[in-house]
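The values are calculated or read from the model by the stated rules, or taken from the named source; none is laboratory data. Only a predicted model underlies this, so the values are computations on that prediction, with no experimental measurement involved. Note: ideal-geometry Cβ built from the backbone for every residue, glycine included; neighbour counts use all protein chains shown. Quick note on the areas: whole protein, heavy atoms, side chains included, nothing else; ligands and nucleic acids left out. Shrake-Rupley method; radii C 1.70, N 1.55, O 1.52, S 1.80 Å.
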Amino acid sequence: MTPSQTNRDGSADPARGTDPARAGSPAWELLLPAASAPARTRGRSLQAALRAAVRTGRLAPGTRLPSSRDLAADLGVSRGLVTEAYEQLTAEGYLRSGRGAGTWVGGAVRAAPPRARDLAPRSPGARADFVPGTPDLSLFPRAAWAAAQRAVLAELPHQDLGYPDPRGLPQLRTVLAELLARRRGVVADPERIVVVSGVAQATTLLGFALHARGLRTVGVEDPGSPQHDALYASAGVTTVPVPLDGEGIAVGPMRDSGVRAVVTTPSHQFPTGIAYSARRRTELLDWARSVDGLVVEDDYDGDFRYDRAPVGALQGLDPEHVAYTGSVSKSLAPGLRLGWLLVPQSMADEVVERKRTMDLGHPTLDQALFARFVERGDYDRQLRRCQRAYRERRDTLVAALEEHFPGAEVAGIAAGLHVIAELPHRYGPQEDFLARVAAAGVAVRPLTDYTHARGGHDGERGVRLVLGYAHLSPARIRAGVRLMAEATRV
C-alpha cells in the first residue's frame, strides 16, 4: 500500500481507493484487446474499453489508474493516446483527476450488481397452493432455536469446530438414538447412525453402497416419490416401479422384478396414505431375508398420526435388513438440511466412508444445536405443536371438500400432511379439471403425477388429487377449495 493510500496513523483510507497495479488486478489487462486495434481506431477502442470496464464494475469507483506514462508503456501505445482517453472520460464523468493526485475511477457510474436467481421450488402466483410436501414454515420455533444457538456458541469446545466424525457428533448420535427408539420404535445404535443433509443425501449414500455391492436396480413404490429416480441414477442405480395393493407394496411383482433392494414408506405411504398391514410388513421382511436384500424405510412423516399412536418403524423388526431414514424437513424446516440414516451393521463402513469422501461430515454447529434442542425437550414440544395444527387443518380440508364437492371420497387422512381426494366422475375428465383449476390460480397435483404409468386410468377413475394442507391456514384451505369448486362447477 502506497503512502497516498493511508491516513497519518497508517490505516487504510477507503476513500482513496486501491491501486490496481498493487491489488492484483492491473487496469491494463482489461485494455490489451483495445491496444491491438488498428491504429486509426485504437484511440476510440481504448476509450470504449475504459468506459465498459467502469460501467460494468470491473474497475470499481475509487480505483486508482496507472499514470499515462506507465499505462502507455505497458500497452505499447503512445502516451498521447492514453492522455487523450483519460481526458475524454474525465470530461464525461467516468474518471476524476487532480493535479499531482493521479487519475481515479469516478463515482458517477453505478454498475448494476449481478443478479442471483432463486431456483427454490415454489408455485409462483398461485391464489391457493395445495401442492404437497411442505410444512408450515411459520411454525418454526425461532425463539427456542435462537436460545439453543446462543447456548451452543457459548459452550461448544474449540476442538469440536474441527472436522467432525463423518457419522456425526457423538452427542447428536446418542440423542438421536434415544429419540428414535422412544418415538418410532427403532433399534438404534449410535455407532450405526449417520447424520446427513436430509433424506435425499441418505438415499444417494445408499445408492452408492448398493452399486459397490454390484446391485444396479432398486425397487420403488408405484405410485411413489418421483425424486428417487434421479437420486439413485446419480449413483448408477436404476429404479424399477413396483405396484401397490391395499396392504402396501405388492410382494409378488417385487419378487418377479428380480430386485434385491426396495424403497418403502410403510408407516404412511406416499402418496396414497395407506399404512402397510402387519401381514405385508412380515412378507416384506421375509423377502429381504430370502434374497439377502435391503429394505430402505423412508419415515418422512412418521411422527404425524392423528387417530392413534404412530405406527412403529419397520426397522425395529429387523435392523439388519432395513435401512432407516428420517429428517426434520416436515417437523422443523426443509431448509435446515438435517436428517439421519440408520444402516445395517454390514453396510456401516461403506456408507460412512462414502459420507466422508462426499463432504467430510455435516456442519458441527448445526449438529450441536439440534442435539441441544432435543435434549431440552424443545423438539418434542415442536412435534406436539405441529400435530395439533395439522390435525385442525386436515379436518378443515375434509369438511371443505364435503361441502363443495359432494360425493368426493377422501383417503389417507389418518396421518401425514396430505390427503387423496377422488372426485365424482362428473368433475372429469381430469385434464379439463386441472386446466380450469390452474386458470383460477389454484395449484394442485393429480395422483398420476406420482405414478410411472401416468394417465393410464384417468377415464376410469375420474379426478384423483393429492392435496397438501400443512402449509395452509384453515381460512386459506376453505378459500382454496371454494375457488376450486367455482372454477369447476358442473
Simple SL model, points at 7 angstrom along Cα→Cβ for A487 and A108; separation in nm is 5.2 nm
A278 and A120 label points (each 7 Å along its Cα→Cβ direction) are spaced in nm at 4.4 nm
In nanometres, the difference between 0.36 nm per residue of separation and the alpha-carbon distance of A435 and A144 is 100.4 nm
Tilt, helix 278-290 to longest principal axis of the chain (alpha-carbon atoms), in degrees rounded to tens, equals 70 degrees
Here the gain from full extension of T56 to E178, 0.36 nm per residue of separation minus their alpha-carbon distance, amounts to 38.3 nm
Candidates for P(r) over Cα pairs in 20 Å bins from 0, in percent are (1) 19, 46, 24, 9, 2, 0; (2) 24, 59, 16, 1; (3) 20, 37, 24, 18, 1, and the calculated one carries label (3)
Log10 I(q)/I(0) at q = 0.10, 0.18 Å⁻¹ for the stretch 136-247, from Debye over equal alpha-carbon scatterers, is -0.48, -1.14
Counting only protein heavy atoms and rolling a 1.4 Å probe, one gets per residue an accessible area for the stretch 263-387 in Å² of 35 Å²
For the stretch 222-290, using Cα atoms only, the Rg and Dmax in Å read 11.9, 34
On each of the three principal axes the extent of the alpha-carbon atoms of the stretch 196-323, given in whole Å and largest first, is 41, 32, 26
So the carbon and sulfur contribution to the accessible area of the stretch 234-315, 1.4 Å probe, in percent, is 51 percent
Note: probe point = Cα of R391 + 7 Å toward Cβ; backbone nitrogen < 13 Å; residues of the stretch 309-325 passing the test are 309-310
For the pair S346 and E191, the simple spin-label estimate (label points 7 Å beyond Cα toward Cβ) gives in nm 1.8 nm
Rounded to the nearest 10 Å², the 1.4 Å probe accessible area of M484 is 0 Å²
Ordering 98-108, 191-201 by per-residue average of other C-beta atoms within 10 angstrom, highest first, gives 191-201, 98-108
Sorted by chain and then number, the residues having a modelled amide H within less than 5 Å of the amide H of D222, at least 5 places away or on another chain, are V242, L244
Extension length gain for R381 and T357 (0.36 nm per residue less Cα distance), in nm, is 5.1 nm
Once phi for every residue in the stretch 415-429 is put through the Karplus expression 6.51 cos²θ - 1.76 cosθ + 1.60 (θ = phi - 60°), the whole-Hz ³J(HN,Hα) values, with Gly and Pro written as x, are 7, x, 10, 8, 10, 9, 10, 9, 8, x, 4, 5, 8, x, x
